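The values are calculated or read from the model by the stated rules, or taken from the named source; none is laboratory data. This structure is a prediction, so every number in the text was calculated from the model and none was measured. Glycine also receives a Cβ, built like all others from the backbone with ideal geometry; neighbour counts cover every protein chain displayed.
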């Protein structure tokens, strides 16, 4: 049995070698049957792979190791670049937020302008219809007063009251038409400091009481605009401030009521295109509530028992026609603090002709104008 097993093993080994030899011969015949170009390409690929492997081993053997100092320097450079990117991102976010807020304010001003234009058209139609019969009433009242002045003085005085009421009504109609009419600017160079001083003189001429007026004006500010309209806007704001202060008690130890007018210029982000000229009127009245500040530039809105409520609406139209804007705030929210309100009329860079000179400071005592 052992002999039989050995013979089987030898026979199996012979068969194995025979199979291997046959496979080798068949592979050799197939290799010989392949085209010469294909065999050459295969040999080159094998050689390239061996060379690449040898090169990698050689490179890994000769590459210097990264030191701790180099790694720390690399990390420092990465952190510095990351910090710069974060700073740029924060600046961009801040600028986007600022531009978004500016856009919202511009849209709000546009909507307000549209509402004012619609109300103006309606008011103009009503005013024209009222003005014609009012003219007839005033004419007949004057004729009646002239006839009665000698024969019935008491009746003549009654006619005079009719005339006075008619004049008040005519003044209201004039305000309505001024608000509703098309604004046609006649731009010309204007010295803003001189414009403010002339507005003060005209506004205070016929008033029974005026507060102490303090000026803080930058001299040499020349703008291009409609002088008459801008003077009217300043006078309207001053009149509104004086009316707000009338009847409001103050601690006279603090110096009483004061109306402060200031003129300054400024630039935003060192960009000349963002320049502005600002005229501010500050009073020492009761200030304004948030509800009032939202509506105070609407036509016919007033917190007093007299007046048409068109003064500040006209201011808004005039400044808007010059490409500017009007803002209102309470003095306690300003850096200078104090009581009362502050109305700012801000004109854009396009209105500026030149800026230069020293500040002009002046004070007019209460009741002297």
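Evaluate the following for residue 124: is it in a helix (DSSP H, G or I) and either under 27 Å from the mean Cα position of the chain (by Cα) or over 30 Å from residue 162 (Cβ atoms) (or both)? So residue 124 fails the test.
Test residue 130 against the criterion of being touching a residue at least 24 places away in the same chain (Cβ under 8 Å) and more than 18 Å from residue 294 (Cα to Cα), and give yes or no.
The answer is yes for residue 130.
Do you know which of the residues in region 301-348 that are free of Cβ contacts under 8 Å to residues at least 40 places away in the same chain and on the phi > 0 side of the Ramachandran plot is surrounded by the most Cβ atoms within 10 Å (Cβ to Cβ)? Here the residue is 309.
Condition check ((1) assigned by TED's automatic domain parsing to the domain that holds residue 117; (2) farther than 24 Å from residue 301 by Cα; (3) surrounded by fewer than 13 Cβ atoms within 10 Å (Cβ to Cβ); (4) at pLDDT below 85) across all residues:
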residue	(1), (2), (3), (4)
171	yes, no, yes, yes
193	no, yes, no, no
207	no, no, no, yes
219	no, yes, no, yes
234	no, no, no, no
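Exactly one residue out of 165, 180, 199 is under 30 Å from residue 126 (Cα atoms) and surrounded by 16 or more Cβ atoms within 10 Å (Cβ to Cβ): that is 180. When region 163-199 is filtered for residues that are in contact with a helix residue (DSSP H, G or I) (Cβ under 7 Å, 6 or more places away or on another chain) and under 21 Å from residue 264 (Cα atoms), the ones remaining, listed by number, are 188, 190, 195, 196, 198, 199. In this structure, does residue 290 turn out to be assigned by TED's automatic domain parsing to the domain that holds residue 352, at pLDDT 85 or above and closer than 21 Å to residue 183 by Cα? No; evaluated as a whole, the condition is false for this residue.
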